[in-house]
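A short write-up of the structure that comes next.
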Amino acid sequence: ATAQIGVTGLAVMGRNLARNFARNGFTVAVHNRTASRTDALVKEFGDEGTFVAAHTPEEFVAALERPRRLVIMVKAGDPTDAVIQEFAPLLEDGDVIIDGGNAHFEDTRRREKELRERGIHFVGAGVSGGEEGALHGPSIMPGGSAESYTSLGPMLEKIAAKAKDGTPCTAHIGPDGAGHFVKMVHNGIEYADMQLIAEAYDLLRRIAGYSPAQIADTFRSWNTGRLDSYLIEITAEVLAHTDAATGKPFVDVVQDRAEQKGTGRWTVQIALDLGVPVSGIAEAVFARSLSGHADLREASRELPGPVAKPLEGAEASAFADRVEQALYASKVVSYTQGFHQIRAGSEAYDWDIDLGSVAAIWRAGCIIRAAFLDRIRAAYDSRPELVSLLSDEEFGREIGAAQDDWRAVVAEAARQGVPTPGFAAALSYYDGLRADRLPAALTQGQRDFFGAHTYRRTDREGSFHTLWGGDRSEVEAG
Ligand code: NDP
């Protein structure tokens, strides 16, 4: 046995991860259900490092040094279980299986438990950065036992992206499903980020009257400031792109129906279970689903409403500046909600996740990498008990300065009939949190009226019920 690590599942992600390990000096055993992929990898990239091609599970396992470390990079769901069932009987006590696919964290919890009972460490590792990230350095979010990280961690740290200060974008997240949970929330935040950027584009196009090329320039200039991020950068590229066949802006020849694979939906489903308000992520998922309902949209085209009238000159550029403020403030809210969800998950599942460390490993490699994650890291590092990112002094101050423009943008969008579900939900969340009194008091009254659900009073301890159908006197509930 000569290989320090093995990768099975050699489609785009697995192949590039295997190459990344090899380029970093590790001997890598490679295996794929369909052997031709294995041979193609070695033929094409064999000179990048040392690969051991394995054509059967037995050969693959035999090639690995002990404790064996084998990365599964196959289609998430049943295929992952099938591959685990195939390999687990060939492994021994102390070996480590790493699932780098986009597994649901509940599946990871189940698999970890089953394998732990068989003496095998199971590491559910979120991997972000797409194809390029896998090759040049992804952000890696490994869960599982702390013991497994001692042998695996240094290897992951080698292949992971490095933040500007040189630290690797990977860290042990927590037991069993913690890594995949954090990856799930990463993807939820990614949905929200993308939706907010799309709304900013729509506002600049329809209210500021900018062309896609002008918006690309605007985004490029925003990308030199506090919005500096991979998603803003690639958005500028997409907007500047011209369709070769028609000579039109690319964005005008693509159908306006967004697809989704499901991790955003999972984030929202789990947030509902945990009772965490992630309205920004939810609106982003719903915006994609609304975009896909062709029949619903067709049936609604004639509904009355204003047609946006573009601004001109200095007014347009002043509006664009306000959109930057609104985008930034909404983005801070999305991250606030995402980190709240991670905290809630960590408490519910006893994972003890370090939020500062999560922000730190998202600084490079992953899709939501952004300059301001370093500030989120700093906020949690200095105050790990921080209840909400918005209660961090610096973020609070920034939002305070942005909020007039944020309101103006949401109001103008409503006036001109441009949908901004992400901006508006973020602003409502902000105002909801800062409210002195919420109308939830009335909701309590309604619930007590129709269902005798009881309510709590502001001035006395205990639960109370009003005899709404009788003399309306109040009784203390047992
Ligand atoms: P795919 O998700 O397209 O999966 C294809 C691979 O799975 C092939 O190697 C295929 O083998 C293997 N496979 C499928 N079913 C089985 C089975 N029953 N038994 C054994 N092998 C099977 O590949 P990707 O590289 O796109 O993604 C791999 C994982 O990484 C997925 O979980 C994905 O969600 C995750 N991921 C993907 C990202 C991306 O940008 N694509 C980013 C981050 C994570 P065969 O060649 O024999 O068909």
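Couple of notes before you dig in:
- Verdict on ILE189 being more than 13 Å from ILE361 (Cα to Cα), buried (at least 24 other Cβ atoms within 10 Å of the Cβ) and more than 16 Å from the ligand (Cβ to nearest atom): no
- Flag for GLY166 being free of Cβ contacts under 8 Å to residues at least 24 places away in the same chain and either open to solvent by less than 10 Å² (accessible area, probe 1.4 Å) or small (Gly, Ala, Ser) (or both): yes
- Screening the candidates TYR149, TYR191 for the property of being assigned to a helix (DSSP H, G or I) and over 19 Å from ALA287 (Cβ atoms) yields one hit, TYR149.
- Conditions (1) within 14 Å of the ligand (Cβ to nearest atom); (2) surrounded by fewer than 20 Cβ atoms within 10 Å (Cβ to Cβ); number of the one not met by PRO142: (2)
- The lone criterion from (1) more than 20 Å from ALA426 (Cβ to Cβ); (2) assigned to a helix (DSSP H, G or I); (3) within 16 Å of the ligand (Cβ to nearest atom) left unmet by ALA236 is number (3).
- Residue in region 278-287 that is within 16 Å of the ligand (Cβ to nearest atom), under 16 Å from the mean Cα position of the chain (by Cα), open to solvent by 50 Å² or more (accessible area, probe 1.4 Å) and under 30 Å from TYR349 (Cα atoms) present: no
- Boolean, ARG205 is part of a helix (DSSP H, G or I), of a type in the set (D, E, K, R) and over 30 Å from GLU412 (Cα atoms): no
- Among all residues of region 268-275, there is at least one that is closer than 28 Å to TYR429 by Cα and assigned to a loop (DSSP other than H, G, I, E, B).
- Among the candidates MET184, MET194, residue that is within 16 Å of the ligand (Cβ to nearest atom), closer than 30 Å to PRO421 by Cβ and open to solvent by less than 10 Å² (accessible area, probe 1.4 Å): MET184
- Options ARG226, ARG257; residue that is over 25 Å from LYS164 (Cα atoms), assigned to a loop (DSSP other than H, G, I, E, B), within 22 Å of the chain's Cα centre (by Cα) and among the charged types (D, E, K, R): ARG257
- Unique match (being aromatic (Phe, Trp, Tyr) and open to solvent by less than 20 Å² (accessible area, probe 1.4 Å)) among PHE45, PHE51, PHE60: PHE60
- Some residue of region 216-223 being open to solvent by 10 Å² or more (accessible area, probe 1.4 Å) and touching a residue at least 40 places away in the same chain (Cβ under 8 Å): yes
- Taking region 415-434 as the range and being open to solvent by 30 Å² or more (accessible area, probe 1.4 Å) and either outside any helix (DSSP H, G or I) or touching a strand residue (DSSP E or B) at 6+ places or on another chain (Cβ under 7 Å) (or both) as the test, the residues that pass are GLY417, PRO419.
- Any hit, region 158-167, residues being within 16 Å of the ligand (Cβ to nearest atom) and outside any helix (DSSP H, G or I): yes
- Test result for ALA200, open to solvent by less than 10 Å² (accessible area, probe 1.4 Å), under 23 Å from CYS366 (Cβ atoms), free of Cβ contacts under 8 Å to residues at least 60 places away in the same chain and among the aliphatic types (A, V, I, L, M): no
- Residue ranges of helices (runs of 4 or more DSSP H) in region 293-382 with at least 1 members surrounded by 18 or more Cβ atoms within 10 Å (Cβ to Cβ) and acidic (Asp, Glu): 313-349
- Here GLY209 clears all of (1) surrounded by fewer than 24 Cβ atoms within 10 Å (Cβ to Cβ); (2) on the phi < 0 side of the Ramachandran plot except the condition numbered (2).
- In the set (1) away from the ligand (no atom under 14 Å from the Cβ); (2) surrounded by fewer than 19 Cβ atoms within 10 Å (Cβ to Cβ); (3) outside any loop (DSSP other than H, G, I, E, B), the condition left unmet by GLU132 is number (1).
- Given (1) open to solvent by less than 10 Å² (accessible area, probe 1.4 Å); (2) over 21 Å from the mean Cα position of the chain (by Cα), number of the condition SER151 does not satisfy: (1)
The values are calculated or read from the model by the stated rules, or taken from the named source; none is laboratory data. All figures in this text were calculated on a predicted structure; none of them were measured in a lab. Don't worry about glycine lacking a Cβ; one is built from the backbone with ideal geometry, like all the others, and counts go over all protein chains shown. Surface areas here come from the heavy atoms of the whole protein model, side chains and all, with no ligands, DNA or RNA. Shrake-Rupley method; radii C 1.70, N 1.55, O 1.52, S 1.80 Å.
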